[in-house]
2 protein chains.
Amino acid sequence: MPGEQDLEDSVGAAAELLGDRWTFLILREAFFGTRRFNEFAQNLGLSRNILSNRLKMLVSQGIFEQHPYGPSKARNEYRLAQAGRDIFPIVVALLQWGDKYLAGSRGPSIVLKHTRCGNDTDPLLICRACHEPIELDEILPTPGPGASEWARQRLSQLTDSAFVEPAER
Amino acid sequence: MPGEQDLEDSVGAAAELLGDRWTFLILREAFFGTRRFNEFAQNLGLSRNILSNRLKMLVSQGIFEQHPYGPSKARNEYRLAQAGRDIFPIVVALLQWGDKYLAGSRGPSIVLKHTRCGNDTDPLLICRACHEPIELDEILPTPGPGASEWARQRLSQLTDSAFVEPAER
DNA sequence: CGGTATCCCATTTGATACTG
DNA sequence: CAGTATCAAATGGGATACCG
């Protein structure tokens, strides 16, 4: 069991839930159109008991929805529900980072094509308010309504751009 | 040992590297300005041997840089290197998803303030080419230069918006 | 085909103790 | 403070066998 004050924020909770050796891969498969149990198992090469666990978890979290199909509806397809579709930005962010730092000399294995405009695209994060690109040193985390007292304390001590190289202390 | 064809893409590689129970939390701490061994240990409540392992891994991956400090430079600070700063979009994406689906009734624990424009912000993903927001059903993954033969095969079979609800098969 | 149950092994975890 | 070493316990993994 971890310390008492972790998981207070959504990063922790989301990482705890999704940050699993297989979960992201299952999700990636889903974004590639995979829907059936055996397709997941074969494409990823994971054993079926684990797949069963993960799928069950993901359904219980509202990330996948089961859709019976086939003769007498005896079988299930796993389709992304809204909570699952909303994971796409996370997958994109992982893809971009991996391409930049892990892809090796051959270059990225996957390129995202934006069918709306026809270009290969490299998604960019902007501020929804002012439409400028998000720069790390222009973002300050502040306590929100759900912040614990501990988190509130910590966050309110942050000065602007806390991560910027500090003077030697 | 997983199947033969997994980890072919950057999502898999990045998830394998970062998708760990503690790694994301350590990174989040770093984005909050934490730099010292004991600060990490205390704020996260993880045991020091594990922290030691993770930090070593993150340094070896170029995510953190060690900066000696203190009397006789005997101690190390862990600062985000460029590869580490570039993880910020992933953390933001996790935060947004977590806030939306896991935060509960109290609301998000962390709000990102864009100091440049002064607003609390909810970062948005847009296409770098046409500047329109990224919609899941307008993105098609295509094989890139580093794609394996297997990945190339699979991706080239994807039709437009593969994840969209299909007709019953 | 679409799972579930069982079993065994490798790894990881966290407590604790120790060192410079 | 900043780690490393050790170790028992829990966990997670895959193989296999089994069921509707």
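The values are calculated or read from the model by the stated rules, or taken from the named source; none is laboratory data. The structure presented is a predicted model; accordingly, all values stated were derived computationally and were not measured. We place every Cβ from the backbone using ideal geometry, glycine too, and count neighbours over all the protein chains shown. To get the accessible areas, we keep the full protein, side chains included, count just its heavy atoms, and leave off ligands, DNA and RNA. Shrake-Rupley method; radii C 1.70, N 1.55, O 1.52, S 1.80 Å.
Here are some notes:
- Filter pass, residue B:97 being surrounded by 15 or more Cβ atoms within 10 Å (Cβ to Cβ), over 25 Å from residue A:133 (Cβ atoms) and of a type in the set (Phe, Trp, Tyr): no
- The residue list B:45, B:70, B:33 contains one member that is out of contact with any Asp or Glu (no Cβ under 7 Å at 6 or more places or on another chain) and either more than 16 Å from DNA strand C (Cβ to nearest atom) or closer than 21 Å to residue A:147 by Cβ (or both), which is B:33.
- Members of segment B:105-115 that are in contact with a Gly (Cβ under 8 Å, 6 or more places away or on another chain) and either more than 7 Å from chain A (Cβ to nearest Cβ) or β-branched (Val, Ile, Thr) (or both): B:110, B:111
- Residue match in segment A:33-49 (condition: assigned to a loop (DSSP other than H, G, I, E, B), among the charged types (D, E, K, R) and facing chain B (nearest Cβ under 7 Å)): no
- Search result, residues across segment B:116-128 that are within 7 Å of chain A (Cβ to nearest Cβ) and open to solvent by 50 Å² or more (accessible area, probe 1.4 Å): B:116, B:119, B:122, B:128
- Pick from segment A:15-27, criterion within 8 Å of chain B (Cβ to nearest Cβ) and open to solvent by 10 Å² or more (accessible area, probe 1.4 Å), ranking: farthest from DNA strand C (Cβ to nearest atom): A:17
- Which listed residue is without any contact (Cβ under 8 Å) to a residue 12 or more places away in the chain, away from DNA strand C (no atom under 13 Å from the Cβ) and either farther than 30 Å from residue A:108 by Cα or within 18 Å of the chain's Cα centre (by Cα) (or both), from B:9, B:99: B:99
- Of all residues in segment B:64-78 being under 23 Å from residue A:159 (Cα atoms) and in contact (Cβ under 8 Å) with a residue 12 or more places away in the chain, the one that is farthest from DNA strand D (Cβ to nearest atom): B:65
Residue-by-condition table, conditions (1) in contact with an Asp or Glu (Cβ under 8 Å, 6 or more places away or on another chain); (2) outside the structural domain of residue B:29 (by TED's automatic domain parsing):
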{"position": "B:75", "(1), (2)": "no, no"}
{"position": "B:81", "(1), (2)": "yes, no"}
{"position": "B:98", "(1), (2)": "yes, no"}
{"position": "B:128", "(1), (2)": "yes, yes"}
{"position": "B:146", "(1), (2)": "no, yes"}
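- Checked against (1) away from DNA strand D (no atom under 11 Å from the Cβ); (2) open to solvent by 30 Å² or more (accessible area, probe 1.4 Å); (3) in contact with a strand residue (DSSP E or B) (Cβ under 7 Å, 6 or more places away or on another chain), residue B:81 meets all criteria but (2).
- The set of residues from segment A:31-54 being within 15 Å of DNA strand D (Cβ to nearest atom) and surrounded by 19 or more Cβ atoms within 10 Å (Cβ to Cβ) comprises A:40, A:43, A:44, A:46, A:54.
- Annotation: of all residues in segment A:55-64 being facing chain B (nearest Cβ under 10 Å) and open to solvent by 10 Å² or more (accessible area, probe 1.4 Å), the one that is farthest from DNA strand C (Cβ to nearest atom) is A:62.
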